[in-house]
1. Quick test of your reading of the structure: A:Asn416 fulfils all but one of (1) touching a Phe, Trp or Tyr at 6+ places or on another chain (Cβ under 9 Å); (2) surrounded by fewer than 17 Cβ atoms within 10 Å (Cβ to Cβ). Name the failing condition by number.
2. When the residues of region A:384-405 are filtered to those that are touching a Cys at 6+ places or on another chain (Cβ under 9 Å) and among the charged types (D, E, K, R), which remaining residue is nearest to A:Asp325 (Cα to Cα)?
3. Looking at B:Ser129, B:Ser123, which is the one that is surrounded by 22 or more Cβ atoms within 10 Å (Cβ to Cβ), farther than 20 Å from A:Phe336 by Cβ and polar (S, T, N, Q)?
4. Condition test on A:Gly343, is it more than 14 Å from chain B (Cβ to nearest Cβ) and either in a loop (DSSP other than H, G, I, E, B) or modelled with pLDDT under 95 (or both)?
5. Within region A:133-156, restricting attention to residues that are buried (at least 20 other Cβ atoms within 10 Å of the Cβ) and within 13 Å of chain B (Cβ to nearest Cβ), which residue is nearest to A:Leu33 (Cα to Cα)?
6. State the number of residues belonging to region B:63-111 that are more than 11 Å from chain A (Cβ to nearest Cβ) and among the basic types (Lys, Arg).
7. Quick one: in region A:329-338, of everything that is in contact with a Ser or Thr (Cβ under 8 Å, 6 or more places away or on another chain) and in contact (Cβ under 8 Å) with a residue 12 or more places away in the chain, which residue is nearest to A:Ala392 (Cα to Cα)?
8. Residues that are more than 17 Å from A:Ser314 (Cβ to Cβ) and at pLDDT 95 or above: find the strands (runs of 3 or more DSSP E) completely inside region A:181-293 holding 2 or more of those.
Amino acid sequence: MEVKILSEKFDIENAHLLEVAKKHGAYSTLDKLFAMEPAAVTEEVKKSGLRGRGGAGFPAGVKWGFLPKDTGKPTYLAVNSDESEPATFKDRYILVRDPHMLLEGIIICCWAIGCNDVYIYIRGEYTTQVKVLQQAIDEAYAAGYLGDKVAGQDFRVDVTVHRGAGAYVCGEETALLESIEGKKGQPRSKPPFPAVEGLYSSPTIINNVQTIASLPFILTNGHEAYTAYGTEKSPGTHLFGISGHVEKPGMYELPLGLPLMEVIDKVAGGVWKGRKLKGVIPGGSSTPVLTVEEAKTVTLDYESMAAHKTMFGSGGIVVLDETVDCVKLVENLINFYHHESCGQCTPCREGLGWMKKITKKLLAGQGTLADVDLLRELCDNIEMKTVCVLSAACTMPVRSYLDKFRHEFEAYAIDNVSADAKLQGN
Amino acid sequence: MSDRSELIITGKPFAFDAERDAEFERLVKRYPIRESMILPALWLTQEQEGWISAEAMAYIADRIGTYASKVYEAATFYTMFNLEPKGQYHICVCRTLSCWLREKQEIVDYLAKEIGIRPGEISEDGRFSLEEVECLGHCGTAPVVQLNGEFHEEMDVDKMKALLATLK
């Protein structure tokens, strides 16, 4: 089931070094690129159907099309390498194993959108990863692939790495821009959208690492080669991260559209320790959980996920075995999002804290059924009442556990024990 | 949100060493506004000193030519900036979803027993500090531990024991 499009060079030793990467085709699209009109590049990307791989899934070429023309201001590209959504760990493989694919993609994007100044925003925790990336950038400068004359063309591309410092919210694109401007990462109200008024009040495109890294393949082989993978509406491949209770967790490149259970069983080795499946988180911790029955019918693409009232997200699949206590899992999730709330909007800052207190109360055996209802009600009252979607990233999954595994919350409220303990008569 | 409002005043002046000074001058040319250097300058300070004092923040503000409050705002918002000295060996254990599912608690409990510190504490001899942190992006090789920034994947108590042994 696995394919090697983005991950083609991942298993080659030292492919992060320019010399090795070049032997395997790095920067070979540039001749073709510079012979094309920028608009033709955007058109090719639009036809490929490439969608934003950070989580939102917005078509990349369409996003580029939002840039206003002739503003007299520079256009910026910010590459989002914040990768902070729990269960997401795909972009760092690109950063470490094939950083030149990312840099080649950056050059392609710059040519298409008329951009000379690029910032790669990388999360602060990626200490070893940032070193490999910076080494690749230095090598690309020395070899003339970056700088004043990219590959000898009269075209400048400067790439600067900007390190975050431990704030999940900076993966939100306007918080990311604030952070590059030296401020705390608090998202901006939209509109104006970044394409019109972004970094330094100038037109800005923000794309995820994997989105940008997909460009060399599309340009080299044409959009048909890309759409040959995946489904009609969700074309291409994705670097799926499978974690949690499976025998073989890891990062796997797969075409979109495969049945989820087939991937869990055949690619990830099935549920670990011979245990039964309880549920699956399909695309990062903020996506609503799927029950076993739902997991059996869903396929790994944007449309099927939406039909199952969840999201494709970042492709970070988490498998939950039968021993998982959903109330404790929800506590873990709420702790994360409450800790990462930037504090700007009251419903998020205070509301997530309130949800945390209720969950703790339930787990301590001091909750009531009214608390379970209150937790559910808070989800509805917090969501969509904030500047960004961080609060929804918490309430959407929490609501799904409350609706699909309500008996586990009720067990704590009525019998002051977990549903599992109740079942075993403890 | 966590309370990070307390700054430590050392009573000693701070300045970048020659290496950091050169890196500051290289980076400042990459941005159209000097305020963009706030995060990079905080990182340079932390690389040099291991943490960021009140004096260092004042130096950064002065060096950039901005308000001290802007540097303070960033330093206190971003949780990776240490506002106090950490142990010689700073251990971060990921506590989020996938690491939690794959028993990170056993590692935290082991460290509490072995070194005698809970998350957020520094050992009395200053050798170790322990922190539980949010998702480190290594979910496929959970649970994951960072020791002075280096990642250690697929950890368990035995591997943690072996890792500690290399430090003694």
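The values are calculated or read from the model by the stated rules, or taken from the named source; none is laboratory data. Please read all numbers here as calculations on a predicted model, not as lab measurements. In this analysis, Cβ positions are derived from the backbone assuming ideal geometry, glycine residues included, and neighbour counts consider all displayed protein chains.
1. Result: A:Asn416 passes all but (1).
2. Only one residue fits best here, namely A:Lys404.
3. Only one candidate passes the filter, namely B:Ser129.
4. Taking the combined requirement at face value, the residue does not satisfy it.
5. A:Leu146
6. Within region B:63-111, residues that are more than 11 Å from chain A (Cβ to nearest Cβ) and among the basic types (Lys, Arg) number 2.
7. Among those residues, the one meeting the criterion is A:Tyr337.
8. Because the criterion is at least 2 residues that are more than 17 Å from A:Ser314 (Cβ to Cβ) and at pLDDT 95 or above, the strands (runs of 3 or more DSSP E) in region A:181-293 that meet it are A:204-208, A:277-281.
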